[in-house]
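To start, the structure itself, in structure tokens.
The values are calculated or read from the model by the stated rules, or taken from the named source; none is laboratory data. Note that the structure is a prediction, hence the values are computed from the model and not measured. Virtual Cβ from ideal backbone geometry, glycine too; neighbours counted across all protein chains shown.
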Amino acid sequence: MKLTAEHLTKIFIHKTAVNDFSYTFTNGIYGLLGPNGSGKSTLMRMLCDILKPNQGHIYLDGTLIQTMNEDYRDILGYLPQDFGYYPQFNAYDFLMYFATLKGFSKKEAKDRVEMVLEMVNLTSEKKHKIKTFSGGMKQRLGIAQALLNDPKILIVDEPTAGLDPKERANFKSILARCANDKIVILSTHIVSDIETLAQHILIMKDGKLHQHGTREELLLPLHDQVYTFICEEQEVEKLSKEMIVTAMMPVQNKMQIRAIISKPAREDMRREEPSLEDLYLSIFKDAI
């Protein structure tokens, strides 16, 4: 299965949100990475056929998605960034309502709701009202909604924002388990969400596809350019103008610096393996 975006452009009144985006997605997990305002959510809404591009087209296996209508929606699961919950519903009734909207028969709906509740580990909470749920539980319920129709394309937008580390790990585990035969696109500005999860990483900047590849491919240019060293606290401001500082930590009245620099400028610099965080900060240094 191939989901192909060709030269997608979306222009709002005062801004080009997505600018000439082209890429082909096949089965696997894709991490769409970029800061808020980089065009990620607009792109995802176009891929879901919620927004129409000003220019460009989207094809599923060679067929324009706009011509597929219900056939496309039947294979699509979507969890938007601001998903609307009904606080007075319990989890089971909430999912039954969405199953009905998706056209399931009553028996099919019951079977599928029980299945997705089990998948997201909410079976024991299914009769509890949503207003009592934590942020992580609501997000698990949101992904259950997106999985109701066993979609072949699953798109989730900023799913871990506001979650604690345990809830974030649980959510990533759910995505990993259901991604074997699907196209999964995960949009985030949290680097750790995709560093160990996504097989393919797409970095968006100012509405454009800035870079893409595997983690190893993207980090290759930073090989031999990431170093740590100790400096005096008063040196930090000056050094920040000479190199890209990606982390700082106080150590015995001094500062341990992690930085990107083309070649070591001090004898005490120790080379480190680059991380996706280093890459992200090098790309978006002007926005930090």
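Values for this structure:
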{"read-out": "Complete set of residues in the range 67-96 that are touching a Phe, Trp or Tyr at 6+ places or on another chain (Cβ under 7 Å) and in a helix (DSSP H, G or I)", "value": "94"}
{"read-out": "In the range 158-174, the residues that are in a helix (DSSP H, G or I), closer than 16 Å to residue 133 by Cβ and among the polar types (S, T, N, Q)", "value": "170"}
{"read-out": "Residue 37 vs. criteria without any contact (Cβ under 8 Å) to a residue 24 or more places away in the chain and either under 21 Å from residue 212 (Cβ atoms) or of a type in the set (D, E, K, R) (or both)", "value": "yes"}
{"read-out": "Residue count for the range 247-284, restricted to those that are β-branched (Val, Ile, Thr) and within 24 Å of the chain's Cα centre (by Cα)", "value": "1"}
{"read-out": "Top-ranked residue in the range 142-164 [being closer than 20 Å to residue 196 by Cβ and more than 12 Å from the chain's Cα centre (by Cα); ranked as surrounded by the fewest Cβ atoms within 10 Å (Cβ to Cβ)]", "value": "164"}
{"read-out": "Qualifying position, being at pLDDT below 95, surrounded by 15 or more Cβ atoms within 10 Å (Cβ to Cβ), over 30 Å from residue 21 (Cα atoms) and of a type in the set (Asp, Glu), among 108, 167", "value": "167"}
{"read-out": "Exclusive hit being small (Gly, Ala, Ser), in the same structural domain as residue 76 (by TED's automatic domain parsing) and touching a Leu at 6+ places or on another chain (Cβ under 7 Å), set 103, 162, 142", "value": "142"}
